[in-house]
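Single-structure report; data block below.
The values are calculated or read from the model by the stated rules, or taken from the named source; none is laboratory data. Keep in mind that what you see is a predicted model, and the values were worked out from it rather than measured. Cβ coordinates were reconstructed from backbone atoms using ideal geometry, including for glycine residues, and neighbour counts include every protein chain displayed.
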Amino acid sequence: MICLDQMGPESAKSFPGQALVRPAAVPEPPAPAERARQEIDDGRRGKGYIFGAFRPATGEAFPQPYARRTIAHWVEFLERVDAWGPQEAEAIYAILDNLNVHRATDVLLFSLAHPRWECVFQPIYAAYLNLIEPWWKVLRSLALQGRRFETWEQVCQAIEAATVYWNAHRHPYIWGRRRRHRSRRQAGIAVLPKAA
């Protein structure tokens, strides 16, 4: 199973971060930290789309940047994913949303030329069923968050570096995994709030 989707349009601009800053002169009494301020950035320095493939069983990701979201680019990306995917697999189930580019005639011809591929379209308004969606959030935090980009090429380099890092530290995606910060509840016993 391979989850496929596109992220974008993303532009070369400033992406906000989470850093806190202290004022240069600390008044008496000391004031709490303030959020970092950022100049207004319209992001008109280049834009594009990131097409991505994600294998939940291994956690491996394969994003590719493209200048536009066209049918020709999508079919080219599918050819790259076919070469990247497991060659020993008898069937590849591609999880897709209902974008018109994903249902084009050229994509149907790709499916006919590659008989092991089967496209599975998720229901409308159910983006959470495509497991690449949570990975886009991780990619944005690794590559874009808190950075300023002057060109689209810098965005592409950041995406590539973040993907190399992710694939070196990847883990299988488990649907519905319990979050680490939640305390485990015993059956039939309510968890009381922690008092200070």
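What the table below lists for this structure:
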| item | result |
| --- | --- |
| Whichever residue in the range 34-49 is within 25 Å of E76 (Cα to Cα), in a strand (DSSP E or B) and out of contact with any Gly (no Cβ under 6 Å at 6 or more places or on another chain) and, among such residues, is modelled with the highest pLDDT | G48 |
| Answer residue from the range 135-150, given it is in a helix (DSSP H, G or I) and charged (D, E, K, R) and is nearest to I174 (Cα to Cα) among those | K137 |
| Yes/no for I95 being touching a residue at least 40 places away in the same chain (Cβ under 8 Å), surrounded by 16 or more Cβ atoms within 10 Å (Cβ to Cβ) and either in contact with a Phe, Trp or Tyr (Cβ under 6 Å, 6 or more places away or on another chain) or not in a helix (DSSP H, G or I) (or both) | yes |
| Residue under evaluation E133, criteria (1) surrounded by 12 or more Cβ atoms within 10 Å (Cβ to Cβ); (2) in contact with a Pro (Cβ under 9 Å, 6 or more places away or on another chain); (3) not hydrophobic (A, V, I, L, M, F, W, C), criterion not met | (2) |
| Pairs where the first residue, in the range 135-148, is touching a residue at least 12 places away in the same chain (Cβ under 8 Å) and the second is among the basic types (K, R) and surrounded by 16 or more Cβ atoms within 10 Å (Cβ to Cβ), C-beta under 8 Å, 6+ apart | R148/K13 |
| Residue within the range 159-169 that is charged (D, E, K, R), at pLDDT 90 or above and closer than 28 Å to F121 by Cα present | yes |
| Every residue from the range 60-83 that is within 24 Å of H169 (Cβ to Cβ) and either surrounded by 15 or more Cβ atoms within 10 Å (Cβ to Cβ) or in contact (Cβ under 8 Å) with a residue 60 or more places away in the chain (or both) | E60, A61, F62, P63, Q64, P65, V81 |
